[in-house]
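Heads up, the thing below is written out as structure tokens.
The values are calculated or read from the model by the stated rules, or taken from the named source; none is laboratory data. The structure presented is a predicted model; accordingly, all values stated were derived computationally and were not measured. Quick reminder, even Gly has a Cβ in these numbers, built from the backbone with ideal geometry, and neighbours come from all protein chains shown. Just so you know, the surface numbers come from the protein's heavy atoms only, side chains and all, with ligands and any DNA or RNA stripped out. Shrake-Rupley method; radii C 1.70, N 1.55, O 1.52, S 1.80 Å.
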Amino acid sequence: MRDLCHRPLAEFTADYQVNQAGAAPDAYMIRSVDLHDHQFPAALKVIARCGAGFNNIPLERATEQGIAVFNTPGGNANAVKELVVALLIASSRNLLQAAQWSAQAAPGADITLRTEQQKTKFNGQEIIGRRLAVIGLGHVGSLVANAGVALGMEVVGYDPYLSVESAWNLAREVKRTATIEEAIAGADFITVHVPKNEETTGLIGAAELRLMKKTAVLLNYSRLGIVDNAAVVAALANGNCQHYCTDFSEEQILNNPGITITPHIGGSTHEAEASCSQIAAREIMDYLATGNTVNSVNLPNVQAPFAGPYRLTIIHRNIPNMLGQITTAIAGAGLNIENLLNRARGDFAYTIVDVNQMTPAIERAVLAALDKIPAVSRVRLIER
């Protein structure tokens, strides 16, 4: 595959190797390559996306074909945090406009005098003491909130789904709000760090923009569509918002002096790419060796220690009587179940069954019996 993450190949143990072109791999490790029109080989079992976003992967089709898909949450969090902090300062101090003016200044002996006379139009404000509202306090948001505290800002955060891990990582000075409206009202800077889904699409729209201070700066370094760009353009024109910074370009926000667009570089650092790639490599090895699905984006997150020397993993439709069919097939092959774990995610479910014995004949029998179940997408046998 093109766009393969090369940095983490050293993470793989000796029993893994990079396939040559035309071979049938067990795993894909990708960055931004678009797989929507790609035909997955029958041998493919797992795809790991080196980054947080996975809209370049056809999740439903992958799941139907029994392919687990992973992303690497948190791998580029520090890179995004640093860019957001840079833009907080740049927008507050008019750095981009000042640098552009200086670069375009006409040459001449009086350039220093002209600079001194005209520089006052770029006077900005210090961010110390300013109020920062962080919408979403996950991997990136919590880092941004803590950085704001370290810079002397008053930081408020909104996240109705705050995890225990993220809560522990938050500086105690970060004040949580009960509603997004409470967080936005009175904030000098509003920065959005939430995953994109049905609930968060259009999260910041006309109603939210009307709550902002006229001098507020809005930042979207999460995903295109979480902020309603048409509403932002209208708010800037009406004076309801001072500036908008985003990593996601769209035609309707081009060539607007009130908008700073960066070319999707939030996670584009050498360190972030290496970190995401290393996480992806470990996810691939863990899934192939144990069947665990931590950080999967199409299967339920499952992590279970082996309760027997052999493990069957089954990706299947989330429909009634599936467990009955699975256990009947396993018992029919003469196997005793040591442990069974089943979790569902939407239309699909994932079942892990640990058993205490296996022979070539039993293996053929149990795999054939499970494969015959119409709702089963893939069955694997893993030996501890």
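Some points to look at:
- Residue check, GLY124 of a type outside the set (Lys, Arg), assigned to a loop (DSSP other than H, G, I, E, B), on the phi > 0 side of the Ramachandran plot and open to solvent by less than 50 Å² (accessible area, probe 1.4 Å): no
- Only one of the numbered conditions (1) in contact (Cβ under 8 Å) with a residue 24 or more places away in the chain; (2) open to solvent by 20 Å² or more (accessible area, probe 1.4 Å) is not met by VAL192, and that is (2).
- Residue in the range 270-291 that is buried (at least 21 other Cβ atoms within 10 Å of the Cβ), in contact with a helix residue (DSSP H, G or I) (Cβ under 7 Å, 6 or more places away or on another chain), in a loop (DSSP other than H, G, I, E, B) and not hydroxyl-bearing (Ser, Thr, Tyr) present: no
- The range 15-36 - residue that is touching a Pro at 6+ places or on another chain (Cβ under 9 Å) and surrounded by fewer than 19 Cβ atoms within 10 Å (Cβ to Cβ) and, of those, farthest from ALA289 (Cα to Cα): HIS36
- Annotation note: Cβ proximity below 8 Å between a residue of the range 22-35 that is part of a strand (DSSP E or B) and a residue that is among the small types (Gly, Ala, Ser) and open to solvent by less than 20 Å² (accessible area, probe 1.4 Å) (sequence gap 6+ or interchain) occurs for ALA27/ALA48; TYR28/ALA48; MET29/ALA48; MET29/SER277; MET29/ALA280; MET29/ALA281; ILE30/ALA48.
- For the range 174-194, residues that are farther than 16 Å from CYS241 by Cα and out of contact with any Gly (no Cβ under 8 Å at 6 or more places or on another chain) total 4.
- Sole exception among (1) open to solvent by 20 Å² or more (accessible area, probe 1.4 Å); (2) over 20 Å from GLY266 (Cβ atoms); (3) not basic (Lys, Arg) for LEU143, by number: (2)
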